[in-house]
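Accompanying notes for the structure given below.
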Amino acid sequence: MFWDVMGAFQVFQGIENQKSDMRFLYFLVDFFTILVPFLFSFHPKIKFYKTWKQFFSACAIVSVIFIIWDAVFTYLGVWHFNPKYTSGIYFLNLPVEEVLFFICIPFSCVFTFFCLNKFFNLNWNDKTEKFFVIIMFVLLSGTALLFGSRLYTSITFTSTAFLLVFLKFIFRVNWLGSAISVYAILLVPFLIVNGILTGSGLTEPVVIYNKTEIMNLRLFTIPFEDVFYGLELFLLNLALYKYFLKRSATHVASSSAIKFS
């Protein structure tokens, strides 16, 4: 994922410098984000394509949640999209590129998790995971209360805090630490992709945030809230992906037991 977005960043800068037609820039961000993960899904040592059914089942559910969230926030004026960088095709008042974002980004993130966990042991011990979740819950919920009047900050931090608690203490997933490790790695391409969308290397941002609805703390051009918005998007997709994988394995095992009984 890193190399394709680096290449994309150079392409976008070249287009911007030439003052060319920029209407398809956001589409190109989506395309370059998913290109390499898609191609390497067929690599004989990876074979991520064999779990596409489970991934797209998960993604279909999560994308509906985020598209509704996105549409509501757009309606409320939390953010809006620069028509200079979009194709002009809309769905629920969102550029179609924004809808594709909720497919391309999760695909690349879950693919990265799939690959890294296939070749490396990234697991944390149980005590470390619990400590991390408790600390994050306190920090995120405290910040949400402090900035309670700012929609993007309060809702994103609150929902992320409770998602971490639910995954660790209610659903008791055994992959949370490895997911956090992978996300830490993904922050590098995240800074590039979100940097482009928020104006890095461009004369204007693609996504324009209402300063009264965010903390106005930024990583370069990226609102700090986006880090946790992205984490939430990744964890929800991964959680459902893992659930559908487990259900598929159980179904296969049950079918085999019936067949050979």
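The values are calculated or read from the model by the stated rules, or taken from the named source; none is laboratory data. Everything numeric in this text was worked out from a predicted model, so none of it was measured. Here the Cβ positions follow ideal geometry from the backbone for every residue, glycine too, while neighbour counts run over all protein chains shown. These accessible areas exclude ligands, DNA and RNA; they are computed on the full protein's heavy atoms, side chains included. Shrake-Rupley method; radii C 1.70, N 1.55, O 1.52, S 1.80 Å.
Table for the structure above
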quantity	calculated
Projected label distance in nm at F220 and R23, using a 7 Å step from Cα toward the beta-carbon	2.8 nm
All-pairs Cα distance distribution in region 139-261, expressed in whole percent, bin size 10 Å	12, 32, 29, 15, 7, 4, 1
Separation of alpha-carbon centers, region 140-155 and region 81-113, rounded to whole Å	25 Å
Where a label projected 7 Å from the Cα of N210 along Cα→Cβ would reach, residues of region 139-181 with amide N under 19 Å	144-159
Solvent-accessible area per residue for region 39-165 (1.4 angstrom probe, square angstrom)	51 Å²
Helix 52-76 vs. the chain, principal-axis angle (Cα, 0 to 90°, nearest 10)	30 degrees
Pair N174, L146: separation of 7 Å Cα→Cβ label points (nm)	3.7 nm
Helix-only mean residue ellipticity at 222 nm for the chain, each DSSP H run of n ≥ 4 adding -39500 (n - 2.57), per residue, nearest 500	-23500 deg cm²/dmol
Net lengthening on full extension, F91/F31 (0.36 nm per residue, minus Cα-Cα)	19.7 nm
Neighbour count of at most 11 Cβ within 10 Å plus DSSP loop: longest trypsin sites (Lys or Arg not before Pro)-free window in the chain	46-171
Carbon/sulfur fraction of accessible area - the chain, other protein chains in place, 1.4 Å, %	70 percent
Rounded to 10°, Cα long-axis angle of helix 151-165 versus longest principal axis of the chain	10 degrees
Between 0 and 90°, nearest 10: helix 126-146 axis offset from the chain longest Cα axis	30 degrees
Restraint check, K47/K127; K127/K168; K53/K130; K47/K130; K168/K246; K45/K168, Cα-Cα greater than 21 Å	K47/K127; K53/K130; K47/K130; K45/K168
Separation of the S57 and K130 label points, Cα + 7 Å toward Cβ, nm	3.2 nm
